[in-house]
1. Within the stretch 1-36, can you find the residues that are farther than 18 Å from R183 by Cβ and acidic (D, E)?
2. Those residues that are surrounded by 15 or more Cβ atoms within 10 Å (Cβ to Cβ) and in contact with an Asp or Glu (Cβ under 6 Å, 6 or more places away or on another chain), I need them from the stretch 54-69; list them, please.
3. Could you list all residues from the stretch 14-69 that are in a helix (DSSP H, G or I) and over 24 Å from the mean Cα position of the chain (by Cα)?
4. I need every pair where a residue in the stretch 25-50 that is over 18 Å from C7 (Cα atoms) and touching a residue at least 12 places away in the same chain (Cβ under 8 Å) has its Cβ under 7 Å from the Cβ of a residue that is surrounded by 14 or more Cβ atoms within 10 Å (Cβ to Cβ) and charged (D, E, K, R), sequence separation at least 6 or different chains.
5. Being under 25 Å from D201 (Cα atoms), within 20 Å of the chain's Cα centre (by Cα), touching a residue at least 60 places away in the same chain (Cβ under 8 Å) and not in a strand (DSSP E or B) is the requirement here; does V109 meet it?
6. With the structure loaded, tell me whether K180 is touching a Lys or Arg at 6+ places or on another chain (Cβ under 9 Å), outside any helix (DSSP H, G or I) and more than 30 Å from L258 (Cα to Cα) or whether it fails that test.
7. For the subset of the stretch 72-106 comprising residues that are touching a strand residue (DSSP E or B) at 6+ places or on another chain (Cβ under 8 Å), of a type in the set (A, V, I, L, M, F, W, C) and not in a helix (DSSP H, G or I), which member is nearest to K29 (Cα to Cα)?
8. Tell me which residues, restricted to the stretch 142-170, are out of contact with any Ser or Thr (no Cβ under 9 Å at 6 or more places or on another chain) and of a type in the set (K, R).
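The values are calculated or read from the model by the stated rules, or taken from the named source; none is laboratory data. No experiment lies behind these values; they were computed from the predicted model shown. Note that each Cβ is placed from the backbone with ideal geometry, even for glycine, and that neighbours are counted across all protein chains shown.
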Amino acid sequence: MLKEIDCKEWKVVYAKYLQDYLYQRGFRKVIEIKYNKEGKLYTIKQNKLFIQIEKIDGKPLGLYNDKNIKEFVRVLAEFHNASEGFSKPPGVKMNVKWGKTLEKYKKLVKSLEKFKDIIKDKKDLTEFEKTVEPYVDSLLKRSKDIMKIFRSINYLMALEDSMKRKEICLNKISKNTALKTKRGIIIIDIFNSGYNMIEEDIAKLVKKVIEKTGKKDMFDVIISEYNKVRPLSQSSVEYIKAHVSFPYDTLKIISKYLKGEEVDLKKLKKAVYKDDICNLGV
């Protein structure tokens, strides 16, 4: 069947090579990309990209159901095991995201510091500034405490180890990442995957699940299920917790405000709420 996807052509080429690598290593819980009648991996029609895939009957993975969440965690760990060591063929592009998340964090912390300086002696605060002001000090302390973890020598060594192992992450996790089918969970979005630390994938899943369920104890559930397939060190658990706890959404909105972009107070309050329930006390 034909499936429209929203990505660049090079991502399809990369995804096919990764899929073949996964299949060779016995992991088949992933979308099967097929060559079309012309022997190509994709077709472009009216500026839209289509791929030929195996027909899969299933429903989008919900991140509310504990049973589905646990099963997906195990599939994610299996994916990490099977994809590790993948080497892209010459001429094939792929995402390389090692360290890029931390660069984003650093910029956001600087934006928060700038915001604090701006409102410090300001008499007439805007509605946005009034809303953020009570949280500034706690956000700044939390962010800086987390960044200390990511600046540690232990973290830098873990990053180097990830590079040596050639770890692969999905890099994007949502209810549409996989399908729940009769033969189990099938990952259908591998087009944004690439080299990265697997702790970031796990953190993305934890954060999404906590936001959806409102239950912080899902962190322990997810770590426990993941450990059954791919054991995590205590340091890895600490890094995952730090990623989950970083107030990314709130700081991103503050950064947009400083750039003069229009911001919605409802979105700000929603971001503050999400970042609060995802604060695991690093």
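1. Passing the criteria: E4, D6, E9, D20.
2. Hits for the stretch 54-69: nothing passes.
3. Applying the first criterion (in a helix (DSSP H, G or I)) to the stretch 14-69 yields 14-24, 66-69.
Answer for the stretch 14-69, where residues must be in a helix (DSSP H, G or I) and over 24 Å from the mean Cα position of the chain (by Cα): just Q24.
4. Going by the 7 Å Cβ cut-off, the qualifying pairs are F27/E78; K29/E78.
5. yes
6. Values: touching a Lys or Arg at 6+ places or on another chain (Cβ under 9 Å): yes; outside any helix (DSSP H, G or I): yes; more than 30 Å from L258 (Cα to Cα): yes.
Yes.
7. F86
8. K144, K148, R151, K164, R165
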